[in-house]
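Just below is one structure, and these are the notes that go with it.
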Amino acid sequence: MKPVNVGLLGLGTVGGGTVNVLQRNAHEITRRAGRGIRVSCAAARDLNRPRHCNTEGIRLSVDPYSVVDDPEVQIVVELIGGVELARELILRAIANGRHVVTANKALIALHGNELFAAARERGVMVAFEAAVAGGIPIIKAVREGLAGNRIEWLAGIINGTCNYVLTAMRDEGREFDEVLADAQRLGYAEADPAFDVDGIDAAHKLTILASIAFGIPLQFERLHVEGIRHIARTDVVYAEELGYRIKHLGFARTTTQGIELRVHPTLIPYRRLIANVDGVMNAILVKGDAVGPTLYYGAGAGAEPTASAVVADLVDVVRALTSDPENRVPHLAFQPDALADTPILPMEAVETAYYLRLQALDRPGVLADVTRILGERGISIEAMVQKEPVEGQDDVPVILLTQRVREGQMNDAIQHIERLDSVTAPVTRIRVEGLGR
Ligand code: NDP
Ligand code: HSE
């Protein structure tokens, strides 16, 4: 049988990795897919740029529309990133009756509902395994492997760049900017690394995971999002002293009131496996009512790990080329007319424990004021540590761990603590999750 022709949009980190994996593993891939898969044409911005892959036999162009309009192409792989152009190209590919594979989490999180509707209408597939957690087959695991479960919650280290930065700050005592530059050089970071360190990339991925876990439409705008810029090395050190690791975590949970969707730095007890996921590695802990907790671990970014997921999608699409569109796995795991409108909880209603770091004057009565403010709001303290003052400073760091409380109450308490004359800087707040049950 003739090989399937793929049109590739983008020959950068992931595009180059995809060409390499398809070429190197051609024999195994053909045995699995039942047909060969070859990149027949590809688009990039600058054709003179040196590539990390062999482009011999691939027709190259600077015009991405020439790829999606090529009559020989059966599957379009979108790896240029960004949102607007990628959306236009994919909609055009779908209108042309082409199947699509993409690694673009921003696009799926923001426009997936529209793209999937267009794809259903045209009877084609839009596959996006590489959009979440790079090489970890988490979409397939949740969408298919856990299909018998009611998913209770999931928690994931889903941004490799943030995990790389936090790990290097902890293990090597290095500064944030320097480590981020490394992550960029290694091809982990987004074109604009603010997407990584401000939590937006993880929020895109959590949007997608929550939809396939809970059967709700993609709702990126409803997430609570925080990045890691405000995490100081001292927080990393103090957390360790208390028996915790700080991880940038995406967290989604069903409650009787609605669904929690939040992305923020989180203290996790270091005895949990997920607390020991370091560097660029990703991991997602998924709790199903039947299976219990399950953990998925692997490289969350980089050329070939991400290409691994892109090529797996290509194999799935090739296998499905001849199958009836009505009988394919639904994009968001649940049948489109069975998606639920469960409310997403506002952050003020979310309940969690907290790590607080205050800078306070070292004088009598200060800690009593702080504990009074917390006590008046029913916030119990789990641990409190006053650190040594830094030489030349007359204020000292005070670290508190609290029990679980609603975010709204904690916001109120923090406002009052910050108004105390003896508190000299804004309070640093990091949420704490046990991830045990
Ligand atoms: P890169 O920036 O490395 O590559 C982008 C490619 O797209 C380049 O080859 C670029 O051309 C090409 N391109 C950009 N704009 C155009 C255009 N207008 N016309 C033609 N070609 C264009 O990005 P990545 O490979 O890192 O990321 C690609 C996608 O994969 C993104 O959506 C990203 O979020 C996602 N992703 C990335 C991961 C990673 O580890 N890097 C992991 C998981 C997902 P040129 O080379 O000439 O500039
Ligand atoms: N910039 C992303 C990360 C790439 O660091 O996780 C993988 O999606």
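With the simple model of a label 7 Å out from the Cα in the direction of the Cβ, Arg24 to Arg419 spans 6.1 nm. Which of Tyr296, Ala194, Ala275 sits closest to the plus end of the dipole of the stretch 138-299, meaning its Cα is farthest towards the positive end, when Lys and Arg get +1 and Asp and Glu get -1 on the C-beta? Going by the charge dipole, the pick is Tyr296.
Among residues other than Asp362 whose Cβ falls under 14 Å from its Cβ, what is the net charge (Lys/Arg +1, Asp/Glu -1)? Combined, the nearby Lys, Arg, Asp and Glu give -4. Among DSSP beta bridges whose residues both lie in the chain, state the antiparallel percentage, nearest 5. That works out to approximately 65 percent antiparallel. Here Lys247 is the anchor, and the lysines within straight C-alpha reach of less than 25 Å, apart from those fewer than 8 places off in the same chain, are Lys105, Lys140, Lys205, Lys287, Lys387.
Enter the Cα centre distance for the pair the stretch 120-167 and the stretch 43-80, rounded to the nearest angstrom. Each part reduced to its Cα centre gives a spacing of 27 Å. Sorting the segments 217-223, 161-167 by their mean number of nearby beta carbons within 10 angstrom, highest to lowest, gives 161-167, 217-223.
Using r as the Cβ-Cβ distance of Val237 and Arg404, and R0 as 30 Å, what FRET efficiency do you calculate, to the nearest 0.05? Efficiency at R0 = 30 Å is approximately 0.75. Taking each DSSP H run with n ≥ 4 as -39500 (n - 2.57) and averaging over every residue of the chain yields -10500 deg cm²/dmol at 222 nm.
Between Glu114 and Arg222, the modelled label-to-label distance comes to 2.0 nm, taking each label 7 Å out from Cα in the direction of the beta carbon. For the peptides 275-287, 325-337, the ranking by mean Cβ contacts within 10 Å, running from highest to lowest, is 275-287, 325-337.
Between Gln393 and Ala95, the FRET efficiency from the beta-carbon distance, with R0 = 56 Å, is close to 0.30. When every Cα-Cα distance of the chain is counted in 10 angstrom steps from zero, the calculated P(r) takes the values 4, 21, 28, 23, 13, 7, 3, 0, 0 percent. Can you give the FRET efficiency for Asp192 and Asp171, using 1/(1 + (r/R0)^6), R0 = 30 Å, r = Cβ-Cβ distance, to the nearest 0.05? Plugging the Cβ-Cβ distance into 1/(1 + (r/R0)^6) gives 0.70.
Distance from the Cα centre of the stretch 5-27 to that of the stretch 295-316, in angstrom? Result: 12 Å between the Cα centres.
Near Val4, within a Cβ-to-Cβ distance under 9 Å, what is the net charge of the other residues, with Lys and Arg +1 and Asp and Glu -1? That sum, taken over residues with Cβ under 9 Å, equals +3. Using bins of 5 Å that start at zero, the share of Cα-Cα pairs per bin across the stretch 138-299 amounts to 2, 9, 19, 22, 20, 14, 9, 4, 1, 0, in whole %. Relative to the Cα centre, the charge distribution of the chain, modelled as +1 at Lys and Arg Cβ and -1 at Asp and Glu Cβ, gives a dipole magnitude of about 1400 debye. Peptides 97-104, 148-155, 416-423, ordered by how many other C-beta atoms sit within 10 Å of their residues on average, highest first, read 97-104, 148-155, 416-423. Note on Ala181 and Thr55: the extension gain reaches 42.5 nm, defined as 0.36 nm multiplied by sequence separation minus the Cα-Cα distance. Selection among Ile151, Val101, Gly134 by position relative to the dipole of the stretch 61-217 gives Ile151 as farthest towards the positive end (Cβ unit charges, Cα centre). In this rough spin-label picture, where each label sits 7 Å from Cα along the Cβ direction, the Leu47-Val385 distance is 6.1 nm. Count Lys and Arg as plus one, Asp and Glu as minus one, and take only other residues whose Cβ is under 13 Å from that of Arg170; the net charge is then -3. Computed from Cα atoms, the angle from the helix 105-122 axis to the main principal axis of the chain rounds to 40 degrees. Taking the Cα of Arg32, stepping 7 Å toward and past its beta carbon, and measuring to each backbone N in the stretch 103-132: which are under 17 Å? 103, 127-132, by backbone N distance to the label point.
At what distance in angstrom do the alpha carbon centres of the stretch 348-376 and the stretch 385-437 lie from each other? Comparing the Cα centres of the stretch 348-376 and the stretch 385-437, I get a distance of 5 Å. Candidates Ala413, Leu79, Ile373 compared by Cα position along the dipole of the chain: farthest toward the positive end lies Leu79, with charges placed on Cβ. One equal scatterer on each Cα of the stretch 349-432, no solvent, Debye formula: the resulting log10 I(q)/I(0) at q = 0.13, 0.20, 0.21, 0.22 Å⁻¹ is -0.37, -0.85, -0.94, -1.02.
Values quoted throughout were computed directly from the atomic coordinates according to the rules given, and no laboratory measurement underlies them. Values in this document were obtained by computation on a predicted structure and should not be read as measured data. We place every Cβ from the backbone using ideal geometry, glycine too, and count neighbours over all the protein chains shown.
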